[in-house]
Structures are given as structure tokens and as C-alpha cells.
1. Any idea which of (1) under 30 Å from ASP48 (Cβ atoms); (2) exposed (fewer than 12 other Cβ atoms within 10 Å of the Cβ); (3) modelled with pLDDT under 90 is the one LYS137 doesn't satisfy?
2. How many residues does the range 4-19 contain that are hydrophobic (A, V, I, L, M, F, W, C) and touching a residue at least 40 places away in the same chain (Cβ under 8 Å)?
3. Confirm whether TYR56 is closer than 21 Å to LYS136 by Cα and either without any contact (Cβ under 8 Å) to a residue 40 or more places away in the chain or among the β-branched types (Val, Ile, Thr) (or both).
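The values are calculated or read from the model by the stated rules, or taken from the named source; none is laboratory data. Please read all numbers here as calculations on a predicted model, not as lab measurements. Using ideal geometry, Cβ is built from the backbone for each residue, glycine included, and neighbour counts are taken over all protein chains shown.
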Amino acid sequence: MPLNFRWIGFILSAFPGAKIVHVNRDPMATCWSIFKHYFPDPCLFAYDLEDLAQFYRLYMDLMTFWRELYPDSIYDLDYERLTENQEAETRKVLAFCDLSWEDQCLDFHETERQVKTISAAQVRTQMCTGSSDAWKKYEHRLQPLIASLGYRESLI
């Protein structure tokens, strides 16, 4: 969920040994994904492109703060690298979390357990590359977001 990052300080204060896996993704891909989905309150920022850009900047600022406060407890997983080299990146995450490798890690889409998130349908398909460029089809309509983010592909 777009608001989960707010709770990192509480989680790591309550559970000092907890590990946080933070997925970094291209800013436009992240914002486009939020904008195109329905989120219940309190995600009203998700429906205005300029509000969304402001929220994204606040999120990035807070993540910088959390990393400085808890440098050994947060792992930044690059989404694009994960889609390009799933096994290597998954092994890195598991090592960070002190978990052992299982071949089923690559077959997450075959799980039969219930998924109750916005991405429930995606969990049922194999990982693919290129989804971070989906917003480019709508670039002409996303100009307020692009301008408010001061977007350049090296913004991450």
C-alpha cells in the first residue's frame, strides 16, 4: 500500500531486529501505478497529479530519514533489476533477511494462498520486464506529474 512506509519507525522501534525491504522503482512508474488504481481513504492524494508528485517527494524524504536512522535495517530492492534478474536479486533479499533459498521463491505466481492487495492479479503471473515504461503511453496526459516531479530518468 502507498502509505506503509510511514510505519517503518514504529515497526523498527517495536521490533528492533525487524528487516524492512523497500522496493525502489522509477518515480513515474510508481506514481502512474498509484494514479491508475483505486485506493480508499486516506489516499486522496492519488487522484491529483500534482498532489501525487508532492506526496512522492515527501515519501522520498521520509525514506531518506528512515535510512539514516536505521541504516542496517532497510534493504533497498531495485524493482527494475529484480525484473531483469529475479534469482540474483531474490537471493540478495533473502540474505539480508537471514532466510535460506528455496526454489519456490522463483515460482511465487504458483502459490494458492489468498492475496488481498491491489496487486493480487499480478501475484498470479510470472515476473516480467518493461512494466516501468507503461506510463509512457500516457506521457502527454501526465505532464503535470512530470513537471511537478521535475522528472528525468535519473531522478531515482
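1. The one condition LYS137 does not meet is (3).
2. First, pick out the residues of the range 4-19 that are hydrophobic (A, V, I, L, M, F, W, C): 5, 7-8, 10-12, 14-15, 18.
With the extra rule that they be touching a residue at least 40 places away in the same chain (Cβ under 8 Å), the set shrinks to 5, 8, 12, 18.
Going through the range 4-19 one residue at a time, the tally reaches 4.
3. Working: closer than 21 Å to LYS136 by Cα: yes; either without any contact (Cβ under 8 Å) to a residue 40 or more places away in the chain or among the β-branched types (Val, Ile, Thr) (or both): no.
When the stated conditions are applied, TYR56 does not pass them.
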